[in-house]
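Asker: Structure in structure tokens, see below.
The values are calculated or read from the model by the stated rules, or taken from the named source; none is laboratory data. This one's a predicted model, so the numbers in the text were calculated from it and none came from an experiment. Neighbour counts are summed over all protein chains in view; Cβ atoms, including those assigned to glycine, are modelled from backbone coordinates with ideal geometry.
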DNA sequence: GCTATGATTTGTAGCGCTACAATGCCTTCC
DNA sequence: GGAAGGCATTGTAGCGCTACAAATCATAGC
């Protein structure tokens, strides 16, 4: 910076102002500084700037996985929101709560302006760390509960709606598949809702099957096999993701099970694949892009000290009925 | 840091050493410092550390998209390598070369130790910036060409191998589908290889169809429709990704086209879906995890001043033959 | 007892930048 | 003509940490 200042015949402070607060510097001075900077190939060191100013325009986010499209629209929503507000988004992968803890430590180490995490399941060390350092945090994909701020939708209610849809389509022997392993605890919230809604219809809620979250498409065949072994009269399944539902559809093709006539299949997540398969998948659409946008907006409002109406935002969901659950 | 030092009854320098060079500090002192740090919720400010030491243990990467599994194994490979070496990986999404430029600016602003980019298609401003600041860069998913270092496989040769496989399975009227839009120029390398290999067999290489990279599964039906309009006698297609191939399989189901009897379909990328569908997809497996690992290893070797045998690493590929191209 | 040696710990200076206050300079207005 | 006010510019101090060298301590050998 000093070299640029000397070349332009001004003080270092004027160079700093030229980049940080251009309107403070007179037009001709600014142009002179920019010319010298360009000539010398000077790129401001944001690290030093952040350290001196104690502020950053970078937001940190963690993503459990990029294995499938689960977080695609969500991340796009975040990206759009940060772009609009002149911030940047850096992401770290965090498959497990231990990895999340490390990611949070690194992001806090980089002194990001705020954090967007996924889920409300964290390492105790993460929680106590976040309480001690005073950094704004949004937990997304959660509902009605958050350390600081939260964005999400009601997965219990979504489960109920899916069960009611299947009941309305004449199915009685309904199964719920959930994920386990990793940081998959959020799937377990669906179980009591499922059992309760089945009980209201006077039906047993015994068919709850869990599969490893690491299994992807392959989880479909595994879950279907296990469920058919438990209940040969199975009429419908609600899947934890569209990927598992797609895996079940593939397996049904191989086994000669007709969907939806023999078996109704409902997915979850409104991934692109759900509308491209045959039959098209009934699925629960979580308004993921809105969730990402809302998470970032909450964070930036908090960073900038603006008032926050709702600390916990419900972005809702849509039950998208398609062919895989019958007509 | 001062607070922690005081709490532990040591000097700030010892706290610094505890985190940066644990082996320099006596066991009991180290434990005392760590306890105080934990109690006070102290997280070392990497920003200040970078500034003082002029080095960082964070590597920055850009990813074109997380829409589908394309970069899943690749990112896992990078993650594994950085974990092994005690580095951290932060990612930024960069769909276009303009977004890549911004991402690179931000990551350089954060003074990451090195950068891993995807592809060799960049904004001129990105290239000149990278030349000015002296930061190690690996370009992945490229072959035989890189600014600094490169990792990838030979997509032209892979295209040739796919063509030869289809020829060996008795197909003559073969089409190549490629992507366009965004930063998809790397797909065009496949075209001359396709035409050349077809010409060697005395066949026309006219059936090259391009689809928008933003289209995902939906690109399958679009491409298939266009190709059938151009050549009703179409016998085989080579797709730019497994997602497009899956879209074509779905469309074939709807149109009553038997795969592989009426049409052979080859995918690209060895995504999980390729082995779960019926019929299973023949696909080109790019050893993506190895590519990620190798990219990070190259970078870290360069950062640490170790000798680099090959500036350009070829991680190879595997042609995985399955049912979709016939037996 | 005293020095040599190595292990551990501790000051000092400064990384590149920005907040803040202070300086200088030019108008404006009574 | 001189004080007041506004604007552009410039010193000063310090952000939180680490490189480096200096200092301290423990142990061993003569």
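Asker: Quick check: is even one residue across region A:66-79 within 16 Å of DNA strand D (Cβ to nearest atom) and at negative phi? Spell out how you get there, then give the answer.
Answerer: Initially, region A:66-79 is screened for residues within 16 Å of DNA strand D (Cβ to nearest atom), giving none.
So far as region A:66-79 goes, no, none of its residues is within 16 Å of DNA strand D (Cβ to nearest atom) and at negative phi.
Asker: Would you point out which residue out of B:54, B:86 is within 12 Å of DNA strand D (Cβ to nearest atom), within 30 Å of residue B:291 (Cβ to Cβ) and either in the same structural domain as residue B:268 (by TED's automatic domain parsing) or out of contact with any strand residue (DSSP E or B) (no Cβ under 9 Å at 6 or more places or on another chain) (or both)? Talk me through it step by step, then tell me what you get.
Answerer: Details: B:86 fails: within 12 Å of DNA strand D (Cβ to nearest atom).
Step by step, each of B:54, B:86 is checked, and only B:54 is within 12 Å of DNA strand D (Cβ to nearest atom), within 30 Å of residue B:291 (Cβ to Cβ) and either in the same structural domain as residue B:268 (by TED's automatic domain parsing) or out of contact with any strand residue (DSSP E or B) (no Cβ under 9 Å at 6 or more places or on another chain) (or both).
Asker: Going through B:93, B:110 one at a time, which residue ends up being within 16 Å of DNA strand C (Cβ to nearest atom) and either closer than 20 Å to residue B:130 by Cβ or assigned by TED's automatic domain parsing to the domain that holds residue B:294 (or both)? Steps first, answer last, please.
Answerer: On the way: B:93 fails: within 16 Å of DNA strand C (Cβ to nearest atom).
Answer to the check: B:110.
Asker: Then there is this: Given (1) within 14 Å of DNA strand D (Cβ to nearest atom); (2) without any contact (Cβ under 8 Å) to a residue 60 or more places away in the chain, where does residue B:61 come up short, assuming only one miss?
Answerer: Result: residue B:61 fails condition (1) only.
Asker: I would also like to ask the following. What about residue A:273, is it over 22 Å from the mean Cα position of the chain (by Cα), in contact (Cβ under 8 Å) with a residue 40 or more places away in the chain, closer than 19 Å to residue B:250 by Cβ and not assigned by TED's automatic domain parsing to the domain that holds residue A:81? Don't jump to the end; show me each part of the working.
Answerer: Details: over 22 Å from the mean Cα position of the chain (by Cα): no; in contact (Cβ under 8 Å) with a residue 40 or more places away in the chain: yes; closer than 19 Å to residue B:250 by Cβ: yes; not assigned by TED's automatic domain parsing to the domain that holds residue A:81: yes.
No, not satisfied.
Asker: Can I ask one more? Would region A:183-199 turn up any residue that is at pLDDT 95 or above, under 19 Å from the mean Cα position of the chain (by Cα) and under 30 Å from residue A:293 (Cβ atoms)?
Answerer: Applying the first criterion (at pLDDT 95 or above) to region A:183-199 yields A:190-199.
Checking which are under 19 Å from the mean Cα position of the chain (by Cα) leaves us with A:190.
With under 30 Å from residue A:293 (Cβ atoms) added as a condition, the list becomes A:190.
Taking every residue of region A:183-199 in turn, at least one turns out to be at pLDDT 95 or above, under 19 Å from the mean Cα position of the chain (by Cα) and under 30 Å from residue A:293 (Cβ atoms).
Asker: Would you point out the residue of region A:17-48, among those that are surrounded by fewer than 18 Cβ atoms within 10 Å (Cβ to Cβ) and within 9 Å of DNA strand D (Cβ to nearest atom), that is nearest to residue A:92 (Cα to Cα)?
Answerer: Per the criteria, the residue is A:48.
Asker: How many residues does region A:111-123 contain that are more than 26 Å from residue A:188 (Cα to Cα), in contact (Cβ under 8 Å) with a residue 60 or more places away in the chain and crowded, with 22+ Cβ neighbours inside 10 Å? Before the answer, list the steps.
Answerer: First pass over region A:111-123, keeping only residues more than 26 Å from residue A:188 (Cα to Cα): A:111-114.
Now narrow it down to the ones that are in contact (Cβ under 8 Å) with a residue 60 or more places away in the chain: A:111, A:113-114.
Keeping just the survivors that are crowded, with 22+ Cβ neighbours inside 10 Å gives A:111, A:114.
Number of matching residues: 2.
Asker: Quick check on region B:101-110. Is at least one of its residues within 22 Å of residue B:213 (Cβ to Cβ), in a helix (DSSP H, G or I) and without any contact (Cβ under 8 Å) to a residue 40 or more places away in the chain?
Answerer: yes
Asker: With the structure loaded, tell me whether residue B:285 is modelled with pLDDT of 95 or more and closer than 20 Å to residue B:187 by Cα or whether it fails that test. Before you say what the answer is, go through the steps one by one.
Answerer: Working: modelled with pLDDT of 95 or more: yes; closer than 20 Å to residue B:187 by Cα: yes.
Taking the combined requirement at face value, the residue satisfies it.
Asker: Just one of A:132, A:73 is out of contact with any strand residue (DSSP E or B) (no Cβ under 6 Å at 6 or more places or on another chain), more than 22 Å from residue A:287 (Cα to Cα) and within 11 Å of another protein chain (Cβ to nearest Cβ); which is it?
Answerer: Numbers: A:73 fails: more than 22 Å from residue A:287 (Cα to Cα).
Matching residue, one of A:132, A:73: A:132.
Asker: Here is a follow-up. How many of the residues in region B:172-193 are surrounded by 21 or more Cβ atoms within 10 Å (Cβ to Cβ) and part of a loop (DSSP other than H, G, I, E, B)?
Answerer: Qualifying residue count, region B:172-193: 1.
Asker: In region A:276-296, which residue that is free of Cβ contacts under 8 Å to residues at least 60 places away in the same chain and either outside any loop (DSSP other than H, G, I, E, B) or more than 14 Å from chain B (Cβ to nearest Cβ) (or both) is surrounded by the fewest Cβ atoms within 10 Å (Cβ to Cβ)? I'd like the intermediate steps shown before the answer.
Answerer: If we filter region A:276-296 for residues that are free of Cβ contacts under 8 Å to residues at least 60 places away in the same chain, which is where we start, we get A:276-281, A:283, A:285.
Filter once more, keeping what is either outside any loop (DSSP other than H, G, I, E, B) or more than 14 Å from chain B (Cβ to nearest Cβ) (or both): A:276, A:283, A:285.
Working: A:276: 21, A:283: 28, A:285: 19.
Among those residues, the one meeting the criterion is A:285.
Asker: If you go through region A:76-97, how many residues are facing chain B (nearest Cβ under 8 Å) and buried (at least 21 other Cβ atoms within 10 Å of the Cβ)?
Answerer: Here the count works out to 6.
Asker: Still on this structure, I have one more. If we scan region B:133-155, do we find a residue that is surrounded by fewer than 18 Cβ atoms within 10 Å (Cβ to Cβ) and part of a helix (DSSP H, G or I)? Quick ask: steps written out before the conclusion?
Answerer: Taking region B:133-155 and keeping what is surrounded by fewer than 18 Cβ atoms within 10 Å (Cβ to Cβ), we get B:133-134, B:144-145, B:147, B:154.
Next cut, part of a helix (DSSP H, G or I) only: none.
No, there is no match, as no residue in region B:133-155 is surrounded by fewer than 18 Cβ atoms within 10 Å (Cβ to Cβ) and part of a helix (DSSP H, G or I).
Asker: Additional query: Of everything in region A:158-182 that's on the phi > 0 side of the Ramachandran plot and within 27 Å of the chain's Cα centre (by Cα), which residue is modelled with the highest pLDDT? Explain how you work it out, then say what you get.
Answerer: From region A:158-182, those on the phi > 0 side of the Ramachandran plot are A:170, A:181-182; that's our starting set.
Remaining after also requiring within 27 Å of the chain's Cα centre (by Cα): A:181-182.
Details: A:181: 85, A:182: 79.
Looking at the filtered set, the residue picked out is A:181.
Asker: Another one. Considering only region B:7-16, I want to know if a residue exists there that is within 22 Å of residue A:102 (Cα to Cα) and either more than 9 Å from DNA strand C (Cβ to nearest atom) or under 42 Å from the mean Cα position of the chain (by Cα) (or both). Step through it out loud before you land on a result.
Answerer: First, pick out the residues of region B:7-16 that are within 22 Å of residue A:102 (Cα to Cα): B:15-16.
Of the ones still in play, those that are also either more than 9 Å from DNA strand C (Cβ to nearest atom) or under 42 Å from the mean Cα position of the chain (by Cα) (or both) are B:15-16.
The answer is yes, given that some residue of region B:7-16 is within 22 Å of residue A:102 (Cα to Cα) and either more than 9 Å from DNA strand C (Cβ to nearest atom) or under 42 Å from the mean Cα position of the chain (by Cα) (or both).
Asker: Among the residues of region B:297-326, how many are within 30 Å of residue B:279 (Cα to Cα) and without any contact (Cβ under 8 Å) to a residue 60 or more places away in the chain? Show your work before the answer.
Answerer: Of the residues in region B:297-326, the ones within 30 Å of residue B:279 (Cα to Cα) are B:315-326.
Subset that is without any contact (Cβ under 8 Å) to a residue 60 or more places away in the chain: B:318, B:320, B:322.
The total comes to 3.
Asker: State which residue is farthest from the other protein chains (Cβ to nearest Cβ) when the search covers only region B:39-52 and only residues that are within 37 Å of the chain's Cα centre (by Cα) and away from DNA strand C (no atom under 14 Å from the Cβ).
Answerer: First, the residues of region B:39-52 that are within 37 Å of the chain's Cα centre (by Cα): B:41-52.
With away from DNA strand C (no atom under 14 Å from the Cβ) added as a condition, the list becomes B:41-43.
On the way: B:41: 2, B:42: 8, B:43: 5 Å.
The qualifying residue farthest from the other protein chains (Cβ to nearest Cβ) is B:42.
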